[in-house]
Amino acid sequence: MKTTALIFLSLGFTAAAQTPPLVSPEIEAGRTTFRLRAPQAKEVVLRGQWTKAAVPMTRGGDGVWSASVDPMPAGIWEYSFVVDGFNALDPVNTAFKPQREGQKSIVHVPSSPPAPWDWQDVPHGTVHQHGYLAKTLGRARELRVYTPPGYERSGEKKFPLLVLQHGSGDNQRTWTEHGKAHWILDNLIAQGKAQPMIVVMLDGHPLGATARGAEAKRAAAIEAFRRELFDDALPLVESLYRVETDPSQRALAGLSMGGAQALSVGLGDLGRFAWVGCFSGGVTDTVKQKFLADLPAANAKLRLLWIAIGKDDQGKARNEEFVAALKEKGIRHTWLLSEGDHSWPVWRQYLAEFAPLLFAEK
């Protein structure tokens, strides 16, 4: 399938004002309808994360293509239109997945009762955006910080810190705008299931896009991430927010590429984070060998090593191999082999299960 950026004009479709205006997606009583005005298109199909099959769209006399999904499963789903072979965002939907190359719109179908990632009428925290000069990289960077409900009125109270990283292709905005990490934490905190915590989310591409399989480049990118985290990002957060500095009050976790960063940094520099989580990621051989060689340090310094992956994820075998080595060496860990593949519906659930484990008393 060919992909490109927004190509509305060349394909003859537009989001300009019409009578009546288009609504897409439109959610009514379990039925979701997607619409696209593309009068010159010859074929339009809908590709959605909730199904592996493309959904054909039907052209109306007014040049509007439409398709309905009934029933539409609850969840936060990625989708796009394929117009005569070209991938396109939904031009009338302002919700899209933050990526280095935006290719997916988002439809959010709430669950009943609400899921952890659904908006609920509970006290809500705040998501902050910060720009800074990363001295380790010599250029401007951005990160996001979540502060829990009531932070602004909590006086001098300090909070534990979670560093939460995205996957390859995403950015520092994706965990909140698409992963709904802030809502997950708001809901868990309101239910008394998770400790109030501060969360920092960095752009995990300090050296730009890194080709898959390029071991040397990926190793350099992880090292650049480590230096930016310790020398730029954490000092910035510590200067602006009331965060605990003791390793027992610090956690590092991520998904996919971010999971590899969490394992590489968290296990490669024991003593910085007592809580480490990997969602569908992997560990480099260098870090793995170093970590497995120091059993006393691993069990003494880690309060939780949490590793999870879906049964249909291509990285399952690599994770199972690492977990088997942990068992053989007697290193304490928690292992979860869940349903699902390498996708956001899996990772939202992982955060909902991982966050309640953090910063608990012994």
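The values are calculated or read from the model by the stated rules, or taken from the named source; none is laboratory data. Only a predicted model underlies this, so the values are computations on that prediction, with no experimental measurement involved. Don't worry about glycine lacking a Cβ; one is built from the backbone with ideal geometry, like all the others, and counts go over all protein chains shown.
General remarks:
- Screening R348, R332 for residues that are of a type in the set (K, R), assigned by TED's automatic domain parsing to the domain that holds R226 and buried (at least 18 other Cβ atoms within 10 Å of the Cβ) leaves exactly one candidate, R348.
- Under the condition of being part of a helix (DSSP H, G or I) and under 18 Å from the mean Cα position of the chain (by Cα), the residues counted in segment 242-263 number 7.
- Look at (1) of a type in the set (G, A, S); (2) surrounded by 14 or more Cβ atoms within 10 Å (Cβ to Cβ); (3) farther than 26 Å from G277 by Cα and you find that G125 fails only one, number (3).
- Taken over segment 353-362, residues that are surrounded by fewer than 20 Cβ atoms within 10 Å (Cβ to Cβ), in a helix (DSSP H, G or I) and out of contact with any strand residue (DSSP E or B) (no Cβ under 7 Å at 6 or more places or on another chain) amount to 2.
- Whichever residue in segment 19-37 is crowded, with 16+ Cβ neighbours inside 10 Å and aliphatic (A, V, I, L, M) and, among such residues, is modelled with the highest pLDDT: L36
- Number of positions in segment 321-346 that are in contact (Cβ under 8 Å) with a residue 12 or more places away in the chain and in a helix (DSSP H, G or I): 8
- Scope segment 272-322; condition among the β-branched types (V, I, T) and crowded, with 16+ Cβ neighbours inside 10 Å; matching residues: V276, V283, T284, V287, I307, I309
- In segment 52-100, residue nearest to the chain's Cα centre (by Cα) [restricted to those that are of a type in the set (G, A, S) and not in a strand (DSSP E or B)]: A95
- Residue within segment 276-291 that is touching an Asp or Glu at 6+ places or on another chain (Cβ under 9 Å) and assigned to a loop (DSSP other than H, G, I, E, B) present: yes
- Every test in (1) buried (at least 19 other Cβ atoms within 10 Å of the Cβ); (2) under 26 Å from L336 (Cα atoms) is passed by A190 save one, and that test is (1).
- With respect to (1) in a helix (DSSP H, G or I); (2) in contact with a strand residue (DSSP E or B) (Cβ under 6 Å, 6 or more places away or on another chain), the lone exception for P296 is condition (2).
One line per residue, one yes/no per condition, for (1) at pLDDT below 95; (2) closer than 24 Å to F354 by Cβ; (3) not assigned by TED's automatic domain parsing to the domain that holds P235:
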| position | (1), (2), (3) |
| --- | --- |
| R59 | no, no, yes |
| D62 | yes, no, yes |
| A67 | no, no, yes |
| D70 | yes, no, yes |
| S80 | no, no, yes |
| D84 | no, no, yes |
| F96 | yes, no, yes |
| G102 | yes, no, yes |
| L133 | no, no, no |
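- For segment 142-175, a residue qualifies if it is among the polar types (S, T, N, Q) and either crowded, with 20+ Cβ neighbours inside 10 Å or within 17 Å of Q103 (Cα to Cα) (or both), and the qualifying residues are T147, Q165, S168, N171, Q172, T174.
- Each residue in segment 310-320 was checked for being assigned to a helix (DSSP H, G or I) and polar (S, T, N, Q), and 1 of them qualify.
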